[in-house]
Amino acid sequence: MTDRPNPFTDTSSRAHSTGLISPEELALANRNSGIHLEALHHDVTPAGMHYLLIHFDVPYASAEDWRLDISGKVGNPLSLSLGDIKALPAVTMPVTLECAGNGRTAMTPRTCSMPWLYEAVGTAEWTGTPLRHVLAEAGLDKETVEIAFFGADRGFDKGIEHDYGRSLTPDMAMRDDVLLVYAMNGQPLLPQHGFPLRLLVPGWYGMASVKWLNRITALDHAFDGHQQIGTYRYRESADDPGRPVDIIRVKSLMVPPGIPDWYTRRRMVDAGPVTVTGRAWSGAGVAIGKVEFSAGGDWQEAKVEPRLGDYAWARWTCTWQAEPGDYTLACRATDANGKVQPLDPPWDNSGFGNNVVQKVAVTVR
Ligand SMILES: Nc1nc2c(c(=O)[nH]1)N[C@H]1C(S)=C(S)[C@@H](COP(=O)(O)O)O[C@H]1N2
Ligand SMILES: [Mo]
């Protein structure tokens, strides 16, 4: 045994930056792809166009050998095969997932991490079984305070080595809509989306939906894993204890109209009536109240269609009378609770929860 010093404790290269994207950020951007904004046309995002966020490596997994172990403060510890889980009552639900770091790069200064712009969102039809079935079979002890969920992926963050792990309270975990999921859009999960089994926590930012799920532990204390307490907290500064990141904030996006310039992505649009369309969503099962569109002047109310499900986005459309000139298009959603997207990015020390309105630069000819 050697006792080499931990090479990952120095995180100074991850301090805030207002400069160019670093080589590390670029490498993360190549591993963690976002949705193409034109894919917002699809009610259900094709699996290969859904965004990805993978902290460590995608585990090399076999469905035949997979086990889900449930232990800790339970009366009846379990070790389930994928077949055992598929034998339980199945449900399929459209759910919009969004990464808590979506929009990070619009904050000034930004935290050096995955440099999302707008595109860390997608909606899939997820198939699985309510988690409560297996928790009921395992029998949670009365003293259970939190339940921790672990993936098969392991790595370092800020010098701390850990299996990716997140927790839920028993109340959350026993909700009908929290699922153990093995299929996405009617196909087995792709390796990058958690094959063969993941947790799905609808209405919350994506970090709660643990991929490659192989271990559940009931705890008589709050879970202190790095992904629970060392990150995913809204903080004013690095030493602020902060509060947990959980429910998705209200947001909308548009399909950029017209045709793009390859390099700048600036759009060229022909004058006349232009149908602008996009998606809007909020968290915790809250519906969308309204969506507004602006080409720089007044906000015009868009038509919002019924959402695909309680935890999925709604399509919106509006007609823009485009006249020659240069414009910045924007869309802004308000949810049924009256929460509205801000015009300027909210600040967060780690770049979480940015639901600022999207802006799209266009030239009308
Ligand atoms: N085991 C494990 N689960 C994970 C992650 C991870 O890195 N490892 N990333 C989380 C984060 S931050 C997000 S946003 C979602 C992304 O899910 P997707 O890649 O299927 O879109 O998975 C979550 N579950
Ligand atoms: Mo995420």
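Approximating the spin labels as points 7 Å out from Cα along Cα→Cβ, the Arg31-to-Arg266 distance works out to 3.5 nm. What's the longest uninterrupted piece of the chain once you rule out the GluC sites (Glu not before Pro) that are loop residues per DSSP with at most 13 other Cβ within 10 Å? Result, exposed sites excluded: 237-365. Note on the stretch 227-365: with charges restricted to the Cβ of Lys and Arg (+1) and Asp and Glu (-1), its dipole about the Cα centre is near 300 debye. Rounded to the nearest 500, the 222 nm mean residue ellipticity of the chain from helices alone is -1500 deg cm²/dmol, with -39,500 (n - 2.57) taken per DSSP H run of at least 4 residues. Taking the Cα centre of the chain as origin and assigning +1 to Lys and Arg Cβ atoms and -1 to Asp and Glu Cβ atoms, the resulting dipole is close to 540 debye. Converting the Cα gyration tensor eigenvalues of the stretch 82-183 into ellipsoid dimensions via √(5λ) gives semi-axes, longest first, of 30, 19, 13 Å. Run the reach check for Lys158 against aspartates and glutamates, Cα to Cα strictly under 12 Å, same-chain hits fewer than 8 apart removed. What comes back? Candidates past the 8-residue exclusion: Asp10. Qualifying chymotrypsin sites (Phe, Trp or Tyr not before Pro) in the stretch 39-91, where qualification requires a DSSP coil assignment and no more than 14 other C-beta atoms within 10 Å, comprise Tyr60. Cα centroid distance between the stretch 53-95 and the stretch 206-260, in Å? Centre-to-centre distance over Cα atoms comes out at 21 Å. Ranked for footprinting exposure by Cβ neighbours inside 10 Å, fewest first, Met114, Met254 give Met114, Met254. With neighbour counts taken as other beta-carbon atoms within 10 Å, the residues Lys211, Lys158 rank, fewest first, as Lys158, Lys211. The Kirkwood hydrodynamic radius of the chain, based on inverse pair distances between different Cα atoms, is 21.6 Å. Using a Gaussian network model of the chain in which every pair of alpha carbons under 10 angstrom is joined by a spring, one finds that among Pro202, Pro345, Pro273 the greatest mean-square fluctuation is at Pro273.
Only the coordinates and a few stated rules stand behind these numbers; no lab work does. The structure displayed is predicted, hence computed values, not measured ones. Cβ coordinates were reconstructed from backbone atoms using ideal geometry, including for glycine residues, and neighbour counts include every protein chain displayed.
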